Amino acid sequence: MLPIFADVHDTFWFPKQASTFAPQVDFLYDVILWISIIFFIPIVIAMVYFMVKYRQRPGYKGSTEALHNTFLEVTWSVVPTFVVVWIFWEGMVGYLRMQTLPSDTEDVKVTAKKWVWSFKYKNGAESDKLYLQVGRDAKMIMRSDDVLHSFFVPAFRAKRDIVPGRYNYMWFQPTVEGTFDLFCTEYCGDNHSGMITKAIVQSEEEYNKTLALLAKEPDDIVERGKWLYERKACKGCHYAGTEGAQGPGPSYNGSWGKPVPLAGGGEVVFDENYVSNAILNPQGQYRKGYETASAMPSYKGQLKLEQIEAITAYIQSLQSAEPPKK
Ligand SMILES: [Cu+2]
C-alpha cells in the first residue's frame, strides 16, 4: 500500500507505529516524499523534452537572448517558500512535543555501557530488556558508563544520544503491546553491532507482574551469578553457557581451574582469586592474547563481595560447557 494511505499500525516504509509520536513523524515523512515525487517527475520529463527539442543540430539556431517571465518566477519562489515554512513548522511542533517531558511518567533509569543495556525501574528491579506499560507515558533517564551511545526504538520513532558525564532524558508513550527492537545507534566500539535488545510493551497487569518478578534476585548462588552476568554488562564481552558476545573478553566456558597464561609471562590458576582480581582490577593480570583487546572497566564499588562470589559460582558451573562456536 502506498505510504500516505497506510494504516496507522502498518506502514510501507517503516516498522509498525507503536508510539504516539509515530503517526506525526510518518505523516511528515510521507508529505515530504510525495512533494519530492510530484516535483521530481515533471522536472525530469521537462528536462529530457527540452534537451531533445533544443539540442544542437545542423541548421538549428537557438534564441540569442534569455527569456524572462515574472509571474512564473514569483510563483516558483513564493509557493515553495510557504511549503518549506510549513514543513519547518510541522517539524518544530513535533520536535517540541518530544522535547517537553510530561509530568506524570513511569520513570526508567537507562544505563548504556559497552555493549549492553541496563534498565532500572521504580521498585528497584533491573533488566537487560526494557519493559514498558502500554498507554502510559514513559520517561528514560539515561546515562553512559563509558562512551557515547544512542537509544533508538524505530517502532516508537524515538531516538536520543546518551552522553558520558551527564543525564539525558527522553519520553514516549507506547500505544501497542508487543516486542520491538531497541538499538544503540551511535558507533561505540568492537561490539556496537551487538548492542541490541528489546523493548517489551505490556498491559498494566502484566507489566506490574514483570517488575515484581524482576525485583527478586534468585536465591540459588549459580542462578544469581547468571542473573548478575546478564545485568552487569558481563554479557556484552564474555560468552557464557550459550549466550553473550564472543569477545573481546574470553569465554567463561570451561575456564575454571585451568592455567591462565599472563601477558607479562608466567601463569596463574583460574580460581576465586583470579576471578575477583579480574573483576576488581582487570588491568592487573593481563591474559596473554588479550593485550590489545578493549580494556575491561573495573567493578570496584559496583559489585558487592557476595555478588562477585555468585559470578564466581556461575563461572565454576560452566566448567564443562562448550566453547563458543565461531
Ligand atoms: Cu553503544
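A few points about this structure:
- Cα gyration tensor shape for the stretch 97-160, rounded if a/c is under 1.5, else prolate or oblate: oblate
- Separation of alpha-carbon centers, the stretch 198-259 and the stretch 281-326, rounded to whole Å: 14
- Extent along principal axes [Cα atoms of the chain; Å; largest to smallest]: 92, 54, 35
- Cα-based shape type of the stretch 221-317, given that a ≥ b ≥ c are square roots of the gyration tensor eigenvalues and the cut on a/c is 1.5: rounded
- Computed extension gain for residue 96 through residue 288, at 0.36 nm per residue and net of the alpha carbon distance, reaches 63.9 nm.
- Residue 295-residue 28 FRET efficiency (beta carbon distance; Förster radius 30 Å; 0.05 resolution): 0.10
- Flagged links, alpha-carbon separation over 18 Å, of 114/235; 109/232; 235/325; 122/235; 16/209: 122/235; 16/209
- Dipole magnitude of the stretch 225-326, debye to nearest 20 (Cβ charges: Lys/Arg +1, Asp/Glu -1, about Cα centre): 260
- Over the stretch 106-214, the ratio between the Cα radius of gyration and 2.2 N^0.38 Å evaluates to 0.99.
- Options 117, 135, 203, ranked by Cα towards positive dipole end of the stretch 106-214, top entry (Cβ charges): 117
- Modelled this way, with points 7 Å down the Cα-to-C-beta line, the labels at residue 67 and residue 79 are 1.8 nm from one another.
- Relative pair counts by distance (%), Cα atoms of the stretch 266-311, 5 Å bins: 5, 21, 31, 24, 14, 6, 0
Readers should treat all values here as calculations from the given coordinates under stated rules, not as data from a laboratory. Because the structure is a prediction, the values reported are computed rather than measured. Glycine gets a Cβ as well: all are built from the backbone with ideal geometry, and neighbour counts include every protein chain shown.
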